[in-house]
Amino acid sequence: MRVTLQPGESTLFHTHSHDRVAIELSDATITQQRPNETEGAPEPKKPGDVMAVATSGPYTHRVHNVGPSVFEVLDVELLQRPKQPGSKAVATVEAENPSARIYKWKLAPGAASAMHTHERPYLIISATPLVLKMTDPEGKSFTHEVKAGDIHWVDAKVAHALANEGTAEGQIVEIELK
Ligand SMILES: [Zn+2]
């Protein structure tokens, strides 16, 4: 789910019922509010901020963009996990909940991640625009120009390193199902 709020705009009250992961795509300030409660304190958000929320029953809230810039977030609800038993983390875990692990690769121009192997299905998401080069263990590579919020679902075992071929810092987030 990709949510865009103009400055001053609010979502309606809505309910989350599953473990979820939020990936911020914008520099913005929001507040959150539960029904029959006052609005919470302003929360600054930066592109690439990730949050893994474990559900403990339905959670109802609304989100209000209180800053001067457009707020954009990807909200991924994790409805189902693979039936096979899970694997260990394949890289440094940035955040996790009972359904998924999140890896974040913050890449300076020319920098590359370590080579790692995904044993589980995963979503790869660019949190910023990026010229992304993916290299496999045999040295074969593909380069894609990606935009903030681009998402790709991969349901196969993949070994790769991720590199930034562009001129600005970029961030890639991977949400791997447990
Ligand atoms: Zn990866």
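Return yes when Glu145 is modelled with pLDDT of 95 or more, within 16 Å of the ligand (Cβ to nearest atom) and within 30 Å of Ile30 (Cα to Cα) and no when it is not. Talk me through it step by step, then tell me what you get.
On the way: modelled with pLDDT of 95 or more: yes; within 16 Å of the ligand (Cβ to nearest atom): no; within 30 Å of Ile30 (Cα to Cα): yes.
Answer is no for this residue.
Scanning for something among the β-branched types (Val, Ile, Thr), closer than 22 Å to Ile172 by Cα and not assigned by TED's automatic domain parsing to the domain that holds Val146, does the range 8-27 turn up at least one residue? Break it down stepwise before answering.
Step one: filter the range 8-27 for residues among the β-branched types (Val, Ile, Thr), giving 11, 15, 21, 23.
Still in the list and also closer than 22 Å to Ile172 by Cα: 21, 23.
From what is left, the residues that are not assigned by TED's automatic domain parsing to the domain that holds Val146 are 21, 23.
There is at least one residue in the range 8-27 that is among the β-branched types (Val, Ile, Thr), closer than 22 Å to Ile172 by Cα and not assigned by TED's automatic domain parsing to the domain that holds Val146.
Please go through the range 154-170 and give me each residue that is away from the ligand (no atom under 13 Å from the Cβ) and either at pLDDT 95 or above or within 19 Å of Ile23 (Cα to Cα) (or both), ordered by number. Spell out how you get there, then give the answer.
So in the range 154-170, the residues away from the ligand (no atom under 13 Å from the Cβ) come out as 155, 164-170.
The answer is Asn164, Glu165, Gly166, Thr167, Ala168, Glu169, Gly170.
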Q: Tell me, yes or no, whether the range 136-143 has at least one residue that is touching a residue at least 12 places away in the same chain (Cβ under 8 Å), over 15 Å from the mean Cα position of the chain (by Cα), more than 25 Å from Met1 (Cα to Cα) and buried (at least 18 other Cβ atoms within 10 Å of the Cβ).
A: no
Q: Check Ser87, Ser56, Ser69 and return the single one that is over 15 Å from Ala22 (Cβ atoms), modelled with pLDDT of 95 or more and either aliphatic (A, V, I, L, M) or out of contact with any Phe, Trp or Tyr (no Cβ under 7 Å at 6 or more places or on another chain) (or both).
A: Ser69
**Q.** For Ala100: the one exception among (1) within 24 Å of Phe71 (Cβ to Cβ); (2) within 13 Å of the ligand (Cβ to nearest atom); (3) not aromatic (Phe, Trp, Tyr)
**A.** (2)
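Please tell me if Ala111 is over 16 Å from Val21 (Cβ atoms) and touching a residue at least 40 places away in the same chain (Cβ under 8 Å). It would help to see each step written out before you state the result.
Details: over 16 Å from Val21 (Cβ atoms): yes; touching a residue at least 40 places away in the same chain (Cβ under 8 Å): yes.
Yes; evaluated as a whole, the condition is true for this residue.
Please specify each residue of the range 4-39 satisfying the condition of being among the hydrophobic types (A, V, I, L, M, F, W, C) and surrounded by 15 or more Cβ atoms within 10 Å (Cβ to Cβ).
The initial filter retains those residues of the range 4-39 that are among the hydrophobic types (A, V, I, L, M, F, W, C), namely 5, 12-13, 21-23, 25, 28, 30.
Selection gives Leu5, Val21, Ala22, Ile23, Leu25, Ala28, Ile30.
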Q: Quick one: Ala111 ticks every box in (1) among the aliphatic types (A, V, I, L, M); (2) within 13 Å of the ligand (Cβ to nearest atom); (3) assigned by TED's automatic domain parsing to the domain that holds His152 except a single one, so which number is it?
A: (2)
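Check every one of the strands (runs of 3 or more DSSP E) wholly within the range 1-108 and list those with 2 or more residues that are in contact (Cβ under 8 Å) with a residue 12 or more places away in the chain and among the polar types (S, T, N, Q). Quick ask: steps written out before the conclusion?
Numbers: elements: 2-5, 14-16, 20-24, 28-33, 43-45, 50-53, 59-65, 71-77, 95-97, 100-107.
Those strands (runs of 3 or more DSSP E) span 28-33, 59-65.
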Q) When you go through (1) hydrophobic (A, V, I, L, M, F, W, C); (2) within 14 Å of the ligand (Cβ to nearest atom); (3) without any contact (Cβ under 8 Å) to a residue 40 or more places away in the chain; (4) in contact with an Asp or Glu (Cβ under 9 Å, 6 or more places away or on another chain) one by one for Val131, which number turns out not to apply? A) (2)
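The values are calculated or read from the model by the stated rules, or taken from the named source; none is laboratory data. Because the structure is predicted, anything quoted here is derived from the model rather than measured. Reconstructed Cβ throughout: ideal geometry from the backbone, glycine too, with neighbour counts over all protein chains shown.
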